[in-house]
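*Asks:* Structure provided below as structure tokens; questions to follow.
The values are calculated or read from the model by the stated rules, or taken from the named source; none is laboratory data. This is a predicted model, so every value here is computed, not measured. Cβ placement follows ideal geometry from the backbone for every residue including glycine, while neighbour counts extend to all protein chains displayed. For accessibility, only protein heavy atoms count, side chains too; no ligands or nucleic acids. Shrake-Rupley method; radii C 1.70, N 1.55, O 1.52, S 1.80 Å.
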Amino acid sequence: MARVKVSSLNRMKTSKFNVVIPLRDGNRLLHNTVTQNSVLINRYEWLQLSREKEMEPLLRLRLQAIGALVDPNKDELAELYRQDYEKKKKEEESVDVTIMMTEACNFGCQYCNQGDSKSNRFMSKKVFDSVLEYILRLKPVKKISLSWYGGEPLIRKDDICEFSNRLMIYSERQGLEYKSDIITNGYLLTKDVARRLKASGVTCAQVTVDGNRNDHDNSRYIREGKSTFDPIMQNIKSVLNESELHIVLRVNVSRSNKDGIYELIEYLEESEIGTNPGFAIYFANIYSPSKNKIDEVDNTEVDSTVLDNYEFANIQYRLNRLCWEKGIKVALDMPSFQGACIATKRSSFAITPSGDLHKCYIVMANKDEKVGEVMADGEIDLDQQKFDRWDSWSAFSQSECSSCKLIGSCRGGCPLDYIKGESNSSDHSSCPPAKHYFNEYIFQRAVRTGLVTQEQWNGKESETKMEELRLPK
């Protein structure tokens, strides 16, 4: 067994990205937001850590293993920025592409960021060939992540299967990792379609619902006005039971449907959809159509149902807790994606059926947000000024983000809010909502892994305090 030099351990300092949650009996749950690992320390160990000296070697090793102790000469924030820049701007090893297969949709949702008057345009083989050429030119890319989007992408399911299969075969030949998913309303997602998608390399479908049956049918309906909740749920159940396609259910939460979502969770439990190993759920605040400047949508009516950041955070946490208690997997609880958004990655784009390039799928219907287009040979023609407006954004250049311990995991909130000048640091409106319940999420994660018990929560002492999430100066 190798010996550890205690002298070298004594030179370590505590990471500025540590969050300490006081528990009962003087215990502490220590979590590092960069490594996203936690450790339980007792009262005696906490006294040693707070003094930063005379620390027992085994305690030092435990803390060092989760990144809670670092080299005293290390500038953690600068190192984090360097790694983030190299990963997303310099030596990109992964590329994320969102392809809008068609602008057409069989639904008529009121709050749609593409408006109500959608065209029937779809991505032709010629345009996809250009997109494929663009992807093949990217070096030294080792991973391709592709999201099929719409409109309703399954209107063009045959094209998706053909195009995805081509990329999957190419990736296998080149030794690349290919990952593909689809974002759909679920109405056309039968078990047979799911099998075809899975055979073509699509492994997961995100299906969106708007709460319980009544609330969903009042806002997400096909253009003929028929109910869609029951057909979607029947599709989900058959897909989970009779195919290998995974389902992630996105539940839109608004002021008008928030109370009925508890009934939806009960339904998912009773129908055994929620406890299927191939199923996961997450809750999302709806986007206002005003973000995309869609004039034909009544923004006033929609905006009145949008929850503010803290209201949504509270509801989101309570819904997540209920899911955990019922054994329903939650896909997203705390931000741990390190800002893996196409807006932050230099070579990643959302692409319209005509080959127009955008840096965010939310604004794809807004021609003013077009940053370029993909050419026939796979080259891209950029509007450099518009592209730089997006590409120059970094959470590290935002004072609210660069002084927050959560920059280690979330890399800032939604870039769209900052780029469109709608961020408000004073009320954390651009922060991931879960930030308001950071301690609660980390504690519940530790409960599920057996690190702590529910009884160790210490009420207000353990609760999230926003000022304690600031980086020490």
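*Asks:* If the requirement is being at pLDDT 95 or above, open to solvent by less than 10 Å² (accessible area, probe 1.4 Å) and over 23 Å from LEU319 (Cβ atoms), which of these qualifies: LEU245, LEU249?
*Replies:* Going through LEU245, LEU249 in turn, the sole match is LEU245.
*Asks:* Turning to a different aspect of this structure: Enumerate the pairs (first residue in region 17-31 and under 12 Å from SER462 (Cβ atoms) and part of a strand (DSSP E or B); second residue anywhere and open to solvent by less than 10 Å² (accessible area, probe 1.4 Å) and polar (S, T, N, Q)) with beta-carbon separation below 6 Å, excluding pairs fewer than 6 apart on the same chain, so at least 6 apart or on different chains.
*Replies:* ILE21/ASN439; ILE21/SER462; PRO22/SER462
*Asks:* Considering region 156-168 alone, what residues qualify as being over 17 Å from PHE349 (Cβ atoms) and open to solvent by less than 60 Å² (accessible area, probe 1.4 Å)?
*Replies:* Once the filter is applied, which keeps residues that are over 17 Å from PHE349 (Cβ atoms) and open to solvent by less than 60 Å² (accessible area, probe 1.4 Å), region 156-168 yields ASP159, ILE160, CYS161, SER164, ASN165, MET168.
*Asks:* Of the residues in region 36-66, how many are part of a loop (DSSP other than H, G, I, E, B), closer than 30 Å to ARG411 by Cα and open to solvent by less than 60 Å² (accessible area, probe 1.4 Å)?
*Replies:* Residues in region 36-66 being part of a loop (DSSP other than H, G, I, E, B), closer than 30 Å to ARG411 by Cα and open to solvent by less than 60 Å² (accessible area, probe 1.4 Å): 2 in total.
*Asks:* Take ILE232 and decide whether it is open to solvent by less than 60 Å² (accessible area, probe 1.4 Å), farther than 18 Å from VAL95 by Cα and among the β-branched types (Val, Ile, Thr).
*Replies:* yes
*Asks:* Kindly provide the set of residues from region 252-261 that are open to solvent by less than 20 Å² (accessible area, probe 1.4 Å) and either more than 17 Å from TYR187 (Cβ to Cβ) or in a helix (DSSP H, G or I) (or both), ordered by number.
*Replies:* Matches in region 252-261: VAL253, SER254, ASN257, GLY260, ILE261.
*Asks:* Within region 123-155, track down each residue that is open to solvent by less than 20 Å² (accessible area, probe 1.4 Å) and charged (D, E, K, R).
*Replies:* Selection gives GLU152 alone.
*Asks:* Quick one: in region 377-416, which of the residues that are of a type in the set (Asp, Glu) and open to solvent by 20 Å² or more (accessible area, probe 1.4 Å) is nearest to the chain's Cα centre (by Cα)?
*Replies:* Across region 377-416, the extreme among qualifying residues is GLU400.
*Asks:* Then there is this: Can you find even one residue in region 417-432 that is at pLDDT 85 or above and out of contact with any Asp or Glu (no Cβ under 9 Å at 6 or more places or on another chain)?
*Replies:* Yes; the residues of region 417-432 include at least one that is at pLDDT 85 or above and out of contact with any Asp or Glu (no Cβ under 9 Å at 6 or more places or on another chain).
*Asks:* Would region 180-198 turn up any residue that is in contact (Cβ under 8 Å) with a residue 40 or more places away in the chain, in a strand (DSSP E or B), open to solvent by less than 20 Å² (accessible area, probe 1.4 Å) and farther than 16 Å from PHE128 by Cα?
*Replies:* Looking for residues that are in contact (Cβ under 8 Å) with a residue 40 or more places away in the chain, in a strand (DSSP E or B), open to solvent by less than 20 Å² (accessible area, probe 1.4 Å) and farther than 16 Å from PHE128 by Cα, one finds none in region 180-198, hence no.
*Asks:* Could you say whether any residue in region 105-116 is touching a Cys at 6+ places or on another chain (Cβ under 9 Å) and at pLDDT 85 or above?
*Replies:* Yes, the conditions are met somewhere in region 105-116.
*Asks:* Return the residue satisfying two criteria in turn: it lies in region 262-281 and is outside any strand (DSSP E or B), open to solvent by less than 20 Å² (accessible area, probe 1.4 Å) and out of contact with any helix residue (DSSP H, G or I) (no Cβ under 6 Å at 6 or more places or on another chain), and of such residues it is farthest from ASN212 (Cα to Cα).
*Replies:* SER271
*Asks:* Determine, yes or no, whether VAL20 is open to solvent by less than 80 Å² (accessible area, probe 1.4 Å) and at pLDDT 95 or above.
*Replies:* Yes, satisfied.
*Asks:* So GLY355 clears everything in (1) surrounded by 15 or more Cβ atoms within 10 Å (Cβ to Cβ); (2) over 23 Å from LEU138 (Cβ atoms); (3) of a type in the set (Gly, Ala, Ser); (4) modelled with pLDDT of 95 or more except one condition, right? Which one?
*Replies:* (2)
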